[in-house]
1. Please give, to one decimal in nm, the separation of the simple spin-label points placed at ALA325 and ALA184, each 7 Å out from Cα toward the Cβ.
2. Between VAL4 and ARG265, what is the label-point separation in nm under the 7 Å Cα-to-beta-carbon projection?
3. Determine the sum of side-chain charges near GLY499: Lys and Arg each +1, Asp and Glu each -1, restricted to other residues whose C-beta is under 11 angstrom from that of GLY499.
4. Between the range 465-531 and the range 355-386, what is the separation of their alpha carbon centroids in Å?
5. Stretched out fully, how many nm does the piece from SER138 to GLN40 gain, at 0.36 nm a residue minus the Cα gap?
6. Ranking LEU421, LEU223, LEU454 by Cβ neighbours within 10 Å, fewest first, what do you get?
7. I'd like to know which of ILE229, PRO286, GLY337 lies farthest towards the positive end of the charge dipole of the range 222-355, counting +1 on Cβ of Lys and Arg and -1 on Cβ of Asp and Glu.
8. Find the Cα radius of gyration of the range 4-176, compare it with 2.2 N^0.38 Å by division, and give the number to two decimals.
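Every read-out reported here was derived from the displayed coordinates using simple, explicitly stated rules and does not represent laboratory data. Remember, predicted model here, so these are calculated numbers, not experimental data. No Cβ is skipped: glycine too gets one built from the backbone with ideal geometry, and neighbour counts run over all protein chains shown.
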Amino acid sequence: MSAVLSTGGRAVVDALVAHGVDTVFGIPGTHNLAIYAAMQASPINHVTPRHEQGAGYAADGYARLSGRPGVVVTTTGPAILNAAASAAQAYSDSVPVLFIAPGMPSDHPSGYNGLLHEVRSQIDAMSAVVAHAQRVTSVAEIPHAVAQCFAAMTTGRPRPAYLEIPLDLLEAEASVVPEAPVVAPSIVPAESVVAAAAELIGTAQRPLIVAGGGASRASAEVLAFAEKIDAPVVTTANGKAVVREDHPLALGAGVQLSSTLDLVRDCDVVVAVGTELAPADWWWGPMPETRLVRIDIDPLAVATNAIPEVAVVGDAASVLADLTARIAAAAGRAESGADRAAAWRATLTADARRLGAAYVGLAESLAEVLDDEAVIVADQSMSCYYGLMGNLPRYAPRSFMYPAGLGTLGYSLPAGIGAMLAEPGRQVVAVLGDGGVMFSLAELATAAHAGVALPVVVVDNGGYGEIRNEMLERDETPLSVDLPTPDFVGVARALGCEGVDAASYAEVGPAVRKAFSADRPTLIYVREPAV
């Protein structure tokens with residue numbers, strides 16, 4: 001490609017367009033205006049959240065649903081630091097989001113001199129929460145740096161990246177050479193390792209598949225493999241509906257249930273695909289000792305939290321397809337996989353209903369109005385991890401988006417906006433608690449401005465319910481967890497949304513159905529009933 005004369009800001013935007021970026025989330029500021037000047041003449045759709053953390057969560061939701069990296073543009077200092085929590089959440093859940101921000105000028109003195117938005121080391125701060133971070137040193141380097149960031153995000157385990165550009169370079173002009181996207185290489189496991197996994201799995205009499213978020217883009221392969229080895233499938237939160245939850249082998253998202261440990265003990269071989277088997281996935285205690293096969297794109301993850309007998313490092317889809325072709329169909333077992341799944345499904349369902357008793361009515365009300373492709377964008381709230389995760393069946397991969405790992409609050413509302421912009425034809429519902437929604441309530445204005453028909457369900461349990469319960473379990477008097485309830489419906493209307501005060505869970509589903517056809521977002525407020 002031939003060189004072109006470009007400002008640094010134009011070089012950033014052109015490189016994003018070259019990498020297929022169609023949507024950017026961010027807020028203009030004094031130091032990034034050269035990027036915004038270039039974006040005006042580009043095909044990129046810019047979305048302006050009301051807080052940079054919201055920008056990060058929106059880009060995360062966009063990336064999770066679309067499968068393409070999300071992009072955030074902020075200004076220096078407080079702006080990019082506001083986005084740091086969302087970057088850490090994307091890292092925790094293996095979501096590719098590129099954070100771009102100007103940094104101090106290339107000739108900035110090494111000591112603090114009080115320049116606007118100055119922080120001691122912005123790139124060090126962001127390096128702590130992303131997988132890849134770099135700072136360019138010239139305008140000419142920008143296309144290459146963008147290509148490197150995309151390569152880092154899309155090779156191996158997807159995770160966020162940070163690109164810092166000295167603010168003086170954004171306005172400077174230089175000759176730049178456009179750079180095409182890097183084609184990520186495939187990770188091919190050793191033949192001997194795949195053969196060992198096939199031999200172990202092929203001898204199993206009571207196999208089980210545990211599927212995590214790393215299997216969410218290998219849904220067809222997980223199903224074909226499960227049917228070939230006749231094994232039930234249980235998932236983590238972000239693996240929910242990798243196998244649609246009405247399939248005879250599906251056990252749903254159940255690793256958060258204590259009875260799942262008994263299920264694992266009952267199996268003679270467990271195949272864990274794309275999961276860290278992590279405490280943040282709500283495993284109740286350490287994974288029981290078992291003959292374990294782990295399949296993961298991340299060579300560090302295959303021996304984390306549980307040591308496998310066979311560790312296969314590779315892409316979930318290709319490894320599972322290879323194993324499916326190698327292993328003979330299960331035959332001669334005393335009990336079929338479907339019969340085993342039916343028995344354990346009854347146990348896990350009862351466990352889920354006990355754990356989420358306060359929210360079963362909410363799950364049932366939503367189930368009546370959602371189609372098979374509908375997406376629930378969950379928050380780190382009791383209504384989601386105790387209620388909907390185990391009690392609301394889903395039927396498509398990535399149809400339950402949840403901030404596991406880091407466990408942030410306020411994720412759902414902005415992530416729901418990003419998801420709707422990624423796939424406008426899908427039903428998307430954001431669900432939050434009354435405590436969590438206050439972390440990102442301003443993003444109702446963003447949703448209204450974007451004109452998305454997003455139902456936002458706020459379940460009120462009077463504050464930080466989980467922490468209140470933990471204090472009580474410690475025989476302590478709850479402190480600072482009981483919050484006054486704002487007029488959520490009134491706030492929603494003031495910010496350009498519809499507002500509905502639901503008297504019970506039974507009214508939530510019909511309100512959601514109506515919200516899908518509205519010309520703006522709808523906040524649906526409901527109080528958690530006493531159980």
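1. 2.2
2. In this crude spin-label approximation the distance works out to 6.4 nm.
3. Details: positive: ARG493, ARG520; negative: ASP487, GLU498, ASP501.
Net charge in that neighbourhood comes out at -1.
4. Computed from Cα coordinates, the inter-centre distance equals 13 Å.
5. Details: separation 98, 0.36 × 98 = 35.28 nm, distance 2.31 nm.
Working it through step by step, the gained length comes to 33.0 nm.
6. Details: LEU421 23, LEU223 20, LEU454 27.
Placing the least packed residue first, the sequence is LEU223, LEU421, LEU454.
7. Final value for the positive-end residue is GLY337.
8. On the way: Rg = 14.5 Å, N = 173, 2.2 N^0.38 = 15.6 Å.
That works out to 0.93 for the range 4-176.
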